[in-house]
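Trainee: There's a structure below that I have some questions on.
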Amino acid sequence: MTTVLAPRTPGEAAQALSEATAARASVTVAGGGTRSRRGRPGPPADRELRTTGMDRVVAHEPADLTLTVEAGVPVTEAVRIAASAGQAWPQAEVREGSTVGGVLAAAASSRQRLRSGAVRDSLLEVVIATGDGRLVTAGGRTVKGVSGYDIPRLAVGSLGTLGVIVQATLKLWPLPPARAWFGAGGPLADRIAAAERALTGGVRPSSVLLGPGRLAVELAGPEDDVRAPEGLAPLTEAPAEPAGEGLVEAGVSPALLGELAVRLEEAGLPYEAWMGVGICRVAVGSAGDVARVRGWALALGGHASVIDGPDHLRADPWGPEPPGVHLMKRLRERFDPAGILNPRMLVWA
Amino acid sequence: MATTQAPAVRDRFAALLDPGRVIDHPLERRLYGRDGSIAQGDCGLVVLPETTAEVVACMRLAHDLGIPVVPRGSGTGLCGGAVPLDGALVLSVARMSRILEVDPSVPCARVEPGVLNLDLSTAVRHLGLHYAPDPSSQQACSIGGNVATNAGGPHCLASGVTAQHILGMEIVLADGEVLRLGGTAPDPPGYDLRGFVVGGEGTLGVVTEITVRLSRNPPHVTTMLLDFPTVAAAGAAVGGIIGAGVIPAAMEMMDQKMVVAVEAFVRADLPVEAAALLLVEVDGTAAEVASHTAVVERVGAETGAGRVRVARDEAERALFWKARKSAFGAVARIAPNYYLHDCVVPRTRLVEILARIYEIGAELDLVIMNVFHAGDGNLHPLIAFDRRDPEQVERVHAAGTLIIEACVAVGGVLSGEHGIGLEKRDFMPLTFSATDLEAQACAREAFDPEGRMNPAKVLPIGSRCGEIVLDAGSLPEGTWL
């Protein structure tokens, strides 16, 4: 039986983790649970810590472009608060049900990454509760700053294995006056060429997405810049994400993303390539699909991880170990000495 | 201090490189005992490797001999991060200065750490590209040093500091192990070690190769100078522009004392009677530049700007920037030395903190001038002084402490872009608890368990991870701690 821990404050979360470490009880960390089907499959942990009870909005300083919230605040709520002051958190991938802490722990960057950057670049200050129950604050609440070692960057993408993110200060940006999607179909070579034109043209797109049979470009800025580029037509909504039993996220050099797309279209796998960024999300239905996509990504000097899917797709969620695993292990030992946190999320750490 | 290093040790390093690239002369070592700060350290041998293999060989030997190592780029850092203590080995990467590859299809460049910041942008200009972080020292500072300090610059307001422009790196750890972290393929699985190394101030290893993101040059740029009758009015304009939803490419403020000094130096026809000057640059498409320029002009009018001087051409734009970037050179006409501070406050507290800085200057009878990144609240109070006057030096240190305390008191942080190094090390407890500092010590120790990489920097004396206490290092006389 998994015991549910539902702290309402960072202090309670730290206390719960301290107790779990003392008992050597494994702990699954969950925000909204929208990105929990990842890592290696296995039996449930002894305890599950849900962050959704930590839902205070600590400070919104529109004039300073910062928002400080507890980790359990829904990402939709954070975005709504920002928008109420004409601002945005454009780096975050917004899903219904996700929490701010979950988005950060999973390093879930948005499709606007091309222009806005990765979500790890938007975290100014973080408070984590370490595996042994210490509350550690790192970074600083100002929009710029060097404040010692960049623990916020380690926390983003650590999937809860170094500590539970309990509070975050985010850097906000002004909402663009206008934004819209434009699209085109046609042969792949033509779409890749159109993507290249969109990337190098005068207007910096916020997103250039290649998918099976389509290209979608999002433009944002003054009205005059949000006009259909040559050969593209307005779309009424953002393109749908690739859907399948599971989802693989590959990373390759942006210069080689078109080559990966060629193989994916030949194989008939639904995909979405973030041109100019180097990310490609692929819908997969079997372990064989995972292996094929990973093989192509590795051949292009990249990598591929299963970021969502049922157990049978996650026998090997990551592929080859990345460089520096021994450093990751040492970091893990120092932040979660008993190794209780999300033990299957990053097994080699 | 002036003693020659043990010949046996010198000869062992000389066998790895060649005798000309191992420096043992006391005078030269004294030079390597300093950086852009006012601290004088105690430098042991200096080695000048030219390849990663040579760095590895030096690091292994230093490991075997148990010698602390201080990596050094161009030595322009302002926080004492490259100042060696207790006769540490200085490993200079200045001779690793090749641009190895430029790939416009990413776009990115792979460079050795000794490549100078401006040299990289110059080398890719014909491709319509540039390297975005542009510290004021960009003609002299190295990319490796920029990585160590997570350097900034005026254009980081919109485009972000160094960490956002580093795709990957090769690093040699304290024991000589070589790792390649990150790369052009984004988000490799596991912790973001690449991101963590940026800003590591040479305490995590020696970065021997860097893959940097290059940025496309904006199609249009407009640069404006606005003069204001009061500092408060200039501060209101900064807030008004951001509040109107415009994040300019750069937004720099200069106060009257600084404008007067710069004008005497550069002769750019600056309004020396103004209390404060704003240099605002907007870039992007024609539509973006037009709408942002209109906002700057409107807010300027609303907040009492005397006039908005728009650079008519590239030459005038270059002159505006020359005025901004020569500020520190201009101070040489006022006093023989200056102490350049670096701290950040929430932008809304800028005016209040400037008033406090003027008060501190008056209380301690010091000339304090300001030229800084107003858009992100990153202050650079500059204290002019004469280091030959020990009593004055004491007041300079006292003013520095008061400024830092004042910034932290209004919710600021210790440094915006210069780093912690020696200078801010003992101020870290102002913003972090013992638990926070212990966590930082643990993260550092994961990379360098023996604490031999640039010891005594960043974390205060006595910071520890569990039972391991970081080597304190003895502070030379004349440091301001």
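The values are calculated or read from the model by the stated rules, or taken from the named source; none is laboratory data. Fair warning: this is a prediction, and the values are worked out from it, not measured in the lab. Counting neighbours? That spans all protein chains shown, and the Cβs are built from the backbone with ideal geometry, glycine included.
Trainee: Which members of segment B:192-216 meet the condition of being part of a helix (DSSP H, G or I), out of contact with any Asp or Glu (no Cβ under 7 Å at 6 or more places or on another chain) and within 7 Å of chain A (Cβ to nearest Cβ)?
Mentor: Step one: filter segment B:192-216 for residues part of a helix (DSSP H, G or I), giving B:193-197.
The next check asks that each one be out of contact with any Asp or Glu (no Cβ under 7 Å at 6 or more places or on another chain); those that pass are B:193-194, B:197.
Answer for segment B:192-216, where residues must be part of a helix (DSSP H, G or I), out of contact with any Asp or Glu (no Cβ under 7 Å at 6 or more places or on another chain) and within 7 Å of chain A (Cβ to nearest Cβ): just B:L193.
Trainee: Going by what's in this entry, would B:V272 be described as outside any helix (DSSP H, G or I) and either among the polar types (S, T, N, Q) or within 23 Å of B:H220 (Cα to Cα) (or both)?
Mentor: In short, no.
Trainee: For segment B:223-259, how many residues are over 22 Å from B:I368 (Cα atoms) and assigned to a helix (DSSP H, G or I)?
Mentor: 6
Trainee: Within segment A:121-145, which residues are more than 7 Å from chain B (Cβ to nearest Cβ) and in a loop (DSSP other than H, G, I, E, B)?
Mentor: Once the filter is applied, which keeps residues that are more than 7 Å from chain B (Cβ to nearest Cβ) and in a loop (DSSP other than H, G, I, E, B), segment A:121-145 yields A:G131, A:D132, A:G133.
Trainee: Taking segment B:340-386, which residues are aromatic (F, W, Y) and out of contact with any helix residue (DSSP H, G or I) (no Cβ under 8 Å at 6 or more places or on another chain)? Spell out the reasoning first.
Mentor: As a first pass, look at segment B:340-386 and keep what is aromatic (F, W, Y): B:358, B:372, B:385.
Residues satisfying the conditions are B:Y358, B:F372.
Trainee: Looking at (1) facing chain A (nearest Cβ under 9 Å); (2) crowded, with 24+ Cβ neighbours inside 10 Å, can you tell me which one B:P189 breaks?
Mentor: The failed condition is (2).
Trainee: Another question about this same structure. Only one of (1) at the interface with chain A (Cβ under 9 Å from one of its Cβ atoms); (2) more than 19 Å from the chain's Cα centre (by Cα); (3) buried (at least 23 other Cβ atoms within 10 Å of the Cβ) fails for B:P219. Which number is that?
Mentor: (3)
Trainee: On to the next question. Do you know which residues across segment B:338-353 are outside any helix (DSSP H, G or I) and touching a residue at least 60 places away in the same chain (Cβ under 8 Å)?
Mentor: Looking only at segment B:338-353, we keep the residues that are outside any helix (DSSP H, G or I), and these are B:338-346.
Once the filter is applied, which keeps residues that are outside any helix (DSSP H, G or I) and touching a residue at least 60 places away in the same chain (Cβ under 8 Å), segment B:338-353 yields B:Y339, B:L340, B:H341, B:D342, B:C343, B:V344, B:V345, B:P346.
Trainee: In this structure, does B:V351 turn out to be among the β-branched types (V, I, T), within 14 Å of another protein chain (Cβ to nearest Cβ) and closer than 21 Å to B:V259 by Cα?
Mentor: Values: among the β-branched types (V, I, T): yes; within 14 Å of another protein chain (Cβ to nearest Cβ): yes; closer than 21 Å to B:V259 by Cα: yes.
It is true that B:V351 is among the β-branched types (V, I, T), within 14 Å of another protein chain (Cβ to nearest Cβ) and closer than 21 Å to B:V259 by Cα.
Trainee: Could you please let me know if B:F320 is assigned to a strand (DSSP E or B), touching a residue at least 40 places away in the same chain (Cβ under 8 Å) and not assigned by TED's automatic domain parsing to the domain that holds B:S37? Even if it seems obvious, please write down each step before you answer.
Mentor: On the way: assigned to a strand (DSSP E or B): no; touching a residue at least 40 places away in the same chain (Cβ under 8 Å): yes; not assigned by TED's automatic domain parsing to the domain that holds B:S37: yes.
Here the answer is no, as B:F320 does not meet what is asked.
Trainee: Then there's this: Restricting the search to segment A:10-32, which residues are part of a helix (DSSP H, G or I) and crowded, with 22+ Cβ neighbours inside 10 Å? So that I can check it myself, show each step before the final result.
Mentor: Quick first cut of segment A:10-32, residues part of a helix (DSSP H, G or I) only: A:10-22.
Answer for segment A:10-32, where residues must be part of a helix (DSSP H, G or I) and crowded, with 22+ Cβ neighbours inside 10 Å: A:P10, A:A13, A:A14, A:L17, A:A20.
Trainee: In segment A:45-78, which residue that is among the charged types (D, E, K, R) and away from chain B (no Cβ under 14 Å) is farthest from A:S122 (Cα to Cα)?
Mentor: Pass one, segment A:45-78, residues among the charged types (D, E, K, R): A:46-48, A:50, A:55-56, A:61, A:64, A:70, A:77.
Checking the rest, the ones that are also away from chain B (no Cβ under 14 Å) come to A:46-48, A:50, A:55-56, A:70, A:77.
Numbers: A:D46: 33, A:R47: 31, A:E48: 28, A:R50: 24, A:D55: 20, A:R56: 19, A:E70: 15, A:E77: 17 Å.
So, considering only residues that are among the charged types (D, E, K, R) and away from chain B (no Cβ under 14 Å), the one farthest from A:S122 (Cα to Cα) is A:D46.
Trainee: Go through B:G421, B:G412 for me and flag whichever is crowded, with 22+ Cβ neighbours inside 10 Å, closer than 25 Å to B:K257 by Cβ and within 11 Å of chain A (Cβ to nearest Cβ). Explain how you work it out, then say what you get.
Mentor: Numbers: B:G421 fails: closer than 25 Å to B:K257 by Cβ.
That would be B:G412, the only listed residue that is crowded, with 22+ Cβ neighbours inside 10 Å, closer than 25 Å to B:K257 by Cβ and within 11 Å of chain A (Cβ to nearest Cβ).
Trainee: Looking at this structure, is B:A174 more than 8 Å from chain A (Cβ to nearest Cβ), among the aliphatic types (A, V, I, L, M) and not in a strand (DSSP E or B)?
Mentor: On the way: more than 8 Å from chain A (Cβ to nearest Cβ): yes; among the aliphatic types (A, V, I, L, M): yes; not in a strand (DSSP E or B): yes.
Spelling it out, B:A174 is indeed more than 8 Å from chain A (Cβ to nearest Cβ), among the aliphatic types (A, V, I, L, M) and not in a strand (DSSP E or B).
Trainee: Let me ask something else about it. Pick from B:A290, B:A335: which is over 12 Å from B:M224 (Cβ atoms) and in a helix (DSSP H, G or I)?
Mentor: Numbers: B:A335 fails: in a helix (DSSP H, G or I).
Exactly one residue qualifies, and that residue is B:A290.
Trainee: For segment A:33-54, enumerate the residues that are under 12 Å from A:G160 (Cβ atoms), of a type outside the set (G, A, S) and in a loop (DSSP other than H, G, I, E, B).
Mentor: If the condition is that a residue be under 12 Å from A:G160 (Cβ atoms), of a type outside the set (G, A, S) and in a loop (DSSP other than H, G, I, E, B), then A:R35, A:R38 are the ones that fit.
Trainee: Is it fair to say B:R395 is at pLDDT 95 or above, part of a loop (DSSP other than H, G, I, E, B) and not polar (S, T, N, Q)? Lay out the reasoning, then the answer.
Mentor: Details: at pLDDT 95 or above: yes; part of a loop (DSSP other than H, G, I, E, B): no; not polar (S, T, N, Q): yes.
Here the answer is no, as B:R395 does not meet what is asked.
Trainee: Between a residue in segment A:157-171 that is more than 9 Å from chain B (Cβ to nearest Cβ) and any residue that is of a type in the set (D, E, K, R), which pairs come within a Cβ distance under 6 Å, given they are 6 or more apart or on different chains?
Mentor: A:Q167/A:E70; A:T169/A:E125; A:T169/A:R141
Trainee: For the structure I just gave you, tell me whether B:A14 is surrounded by fewer than 24 Cβ atoms within 10 Å (Cβ to Cβ) and among the hydrophobic types (A, V, I, L, M, F, W, C). Walk me through it before giving the result.
Mentor: Numbers: surrounded by fewer than 24 Cβ atoms within 10 Å (Cβ to Cβ): yes; among the hydrophobic types (A, V, I, L, M, F, W, C): yes.
Yes: the conditions hold for B:A14.
Trainee: For segment A:146-202, what are the residues that are of a type outside the set (F, W, Y), in a loop (DSSP other than H, G, I, E, B), buried (at least 24 other Cβ atoms within 10 Å of the Cβ) and on the phi < 0 side of the Ramachandran plot?
Mentor: Of everything in segment A:146-202, those that are of a type outside the set (F, W, Y), in a loop (DSSP other than H, G, I, E, B), buried (at least 24 other Cβ atoms within 10 Å of the Cβ) and on the phi < 0 side of the Ramachandran plot turn out to be A:S147, A:D150, A:V156, A:S158, A:T161, A:L162, A:L172.
Trainee: Okay, moving on. Going by the conditions given, is A:P205 at pLDDT 95 or above, within 24 Å of the chain's Cα centre (by Cα) and part of a loop (DSSP other than H, G, I, E, B)? Talk me through it step by step, then tell me what you get.
Mentor: Working: at pLDDT 95 or above: yes; within 24 Å of the chain's Cα centre (by Cα): yes; part of a loop (DSSP other than H, G, I, E, B): yes.
Spelling it out, A:P205 is indeed at pLDDT 95 or above, within 24 Å of the chain's Cα centre (by Cα) and part of a loop (DSSP other than H, G, I, E, B).
Trainee: Only one residue in B:C442, B:C465 is over 28 Å from B:M254 (Cβ atoms), at the interface with another protein chain (Cβ under 10 Å from one of its Cβ atoms) and at pLDDT below 95, so which one is that? I'd like the intermediate steps shown before the answer.
Mentor: Details: B:C442 fails: at pLDDT below 95.
Exactly one residue qualifies, and that residue is B:C465.
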